[in-house]
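See structure below.
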Amino acid sequence: MVRIAVVGVGKMGLSLYSIINMHDRAKVVAICDKSGYMLDILSKYSGIKTYADPNTMLEKEDLDAVIIATPSQFHYPLVKVALEKGLHAYCEKPLTLDPQQSRELADLAKAKGLVNQVGYHNRFVGAFQEAKRLLDIKAIGKVSHILAEAYGPVVLRPKGTTWRADRKQGGGCIYDYAAHPLNLVTWFLGEPLKASGSVLNSIFSKDIDDEVYGTLYFDGGTTVQLSVNWSDESYRKMSTKISIWGSKGRIIADRQEINVYLTESAGLPEGYVAGWNARNTTQLTEPVFFYVRGEEYSAELDNFVQTILGAGDPVSTFESSVATDKAIAMLINDAAVIQ
């Protein structure tokens with residue numbers, strides 16, 4: 001049984017707590033948050049131990065792992081102290097707001113032999129997993145270009161300050177939204193070489209970006225165009241989409257389905273034909289132990305637990321997150337030069 005503590009019980013933290021608390025190989029033994037109200041509610045109705053200070057909790061509780069779902073600015077110090085205490089660590093994305101800090105955490109986790117994971121849940125979506133598999137077997141030949149998109153209705157009017165609206169606390173749209181398609185791109189292609197034409201625009205927000213556009217260049221000549229906007233009210237909720245062009249076909253994938261076009265000259269994978277092929281995520285997704293907001297969230301936490309128990313292979317590690325954080329830094333630095 002993996003003994004876990006959850007640090008941060010806001011929207012994401014509560015979801016993660018609800019999911020992991022139902023796992024038959026894991027047990028949440030403590031929760032930490034700065035909100036006395038949340039701690040009182042959870043203590044009263046769940047009976048779980050609660051703490052206002054993470055260091056006190058880590059000193060008192062006998063733990064195997066921690067789940068960190070705090071505002072982004074606190075990820076680095078909290079993950080670092082957890083790793084130093086020999087605890088496996090799951091951290092919500094982004095890992096940090098500084099690629100050098102992310103590099104440090106990845107190296108520390110590796111040196112200590114600890115399981116580590118970042119909450120890039122799209123890596124557990126069936127359609128994106130199938131896209132990765134097809135790229136690995138070169139089903140569409142040499143990839144020339146990718147369009148990576150994410151849109152949603154997060155910031156639709158000027159409003160007061162929250163941690164997400166502060167560059168130093170949350171990082172803005174580029175860290176909160178663009179990180180998701182960028183993580184898929186770096187999963188598919190590895191680290192980019194450079195960025196150009198980067199634009200970080202504010203629409204409603206005062207101090208951070210609401211939309212992000214730019215081009216990334218990869219080894220072998222592959223280019224990626226990024227198009228992200230979290231102030232798009234034409235969407236009911238976040239939508240992430242990846243379109244991939246290759247010498248022998250094309251892949252279009254989102255949360256719901258994957259559509260694959262294969263030329264006559266392509267080496268056809270089993271179950272595929274020349275021309276268009278469509279598979280929905282339901283067909284590609286294995287059943288999960290508990291459903292809250294999407295199978296992918298349960299699947300990623302199950303992967304974390306199973307990897308700790310030696311029965312799984314890591315999918316979204318700190319090491320892989322470093323590539324994403326580097327891509328974000330490239331775009332930010334490029335946009336600053338252009339301005």
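Anything in region 179-199 that is over 23 Å from Gly119 (Cβ atoms) and either buried (at least 21 other Cβ atoms within 10 Å of the Cβ) or not assigned by TED's automatic domain parsing to the domain that holds Met330 (or both)? List them, or say none.
Here is the first cut: in region 179-199, the ones over 23 Å from Gly119 (Cβ atoms) are 193-199.
Those that are over 23 Å from Gly119 (Cβ atoms) and either buried (at least 21 other Cβ atoms within 10 Å of the Cβ) or not assigned by TED's automatic domain parsing to the domain that holds Met330 (or both): Ala195, Ser198.
Within region 45-57, take every residue that is within 22 Å of Arg293 (Cβ to Cβ) and touching a strand residue (DSSP E or B) at 6+ places or on another chain (Cβ under 9 Å) and give me the one that is surrounded by the fewest Cβ atoms within 10 Å (Cβ to Cβ).
Ser46
Residues in region 265-281: is at least one part of a helix (DSSP H, G or I) and either in contact (Cβ under 8 Å) with a residue 24 or more places away in the chain or crowded, with 17+ Cβ neighbours inside 10 Å (or both)? First the steps, then the outcome.
Of all residues in region 265-281, those part of a helix (DSSP H, G or I) come to 281.
Those left that are additionally either in contact (Cβ under 8 Å) with a residue 24 or more places away in the chain or crowded, with 17+ Cβ neighbours inside 10 Å (or both): 281.
Taking every residue of region 265-281 in turn, at least one turns out to be part of a helix (DSSP H, G or I) and either in contact (Cβ under 8 Å) with a residue 24 or more places away in the chain or crowded, with 17+ Cβ neighbours inside 10 Å (or both).
State which residue pairs qualify: first residue without any contact (Cβ under 8 Å) to a residue 24 or more places away in the chain and inside region 193-216, second residue loosely packed, with under 15 Cβ neighbours inside 10 Å in any location, beta carbons under 6 Å apart, and separation of 6 or more residues or different chains.
Listed by first residue and then by second, the contacts come to Thr215/Ser196; Thr215/Gly197.
So, in region 1-30, how many residues would count as being assigned to a helix (DSSP H, G or I) and crowded, with 20+ Cβ neighbours inside 10 Å?
Kept after step one, since they are assigned to a helix (DSSP H, G or I), are these residues of region 1-30: 11-20.
Still in the running and crowded, with 20+ Cβ neighbours inside 10 Å: 13, 16-17, 19-20.
Residues in region 1-30 being assigned to a helix (DSSP H, G or I) and crowded, with 20+ Cβ neighbours inside 10 Å: 5 in total.
Look at Leu42 and say whether it is in a loop (DSSP other than H, G, I, E, B), on the phi < 0 side of the Ramachandran plot and buried (at least 19 other Cβ atoms within 10 Å of the Cβ). Working first, answer last.
Values: in a loop (DSSP other than H, G, I, E, B): no; on the phi < 0 side of the Ramachandran plot: yes; buried (at least 19 other Cβ atoms within 10 Å of the Cβ): yes.
The answer is no for Leu42.
For (1) in contact with a Leu (Cβ under 9 Å, 6 or more places away or on another chain); (2) without any contact (Cβ under 8 Å) to a residue 40 or more places away in the chain; (3) buried (at least 19 other Cβ atoms within 10 Å of the Cβ), each residue gets a yes or a no:
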{"position": "Leu105", "(1), (2), (3)": "yes, no, yes"}
{"position": "His121", "(1), (2), (3)": "no, no, yes"}
{"position": "Ser144", "(1), (2), (3)": "no, no, no"}
{"position": "Leu147", "(1), (2), (3)": "yes, no, no"}
{"position": "Val154", "(1), (2), (3)": "no, no, yes"}
{"position": "Pro158", "(1), (2), (3)": "no, no, no"}
{"position": "Arg167", "(1), (2), (3)": "yes, no, no"}
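Residue by residue through region 58-75, note down the ones that are surrounded by fewer than 21 Cβ atoms within 10 Å (Cβ to Cβ) and in contact with a strand residue (DSSP E or B) (Cβ under 9 Å, 6 or more places away or on another chain).
Within region 58-75, the first condition is being surrounded by fewer than 21 Cβ atoms within 10 Å (Cβ to Cβ), and the residues that meet it are 59-64, 71, 73-74.
Passing the criteria: Lys60, Glu61, Asp62, Leu63, Asp64, Phe74.
The values are calculated or read from the model by the stated rules, or taken from the named source; none is laboratory data. All values derive from a computational prediction rather than experimental measurement. Here Cβ is always computed from backbone atoms with ideal geometry, including for glycine, and neighbour counts include all displayed protein chains.
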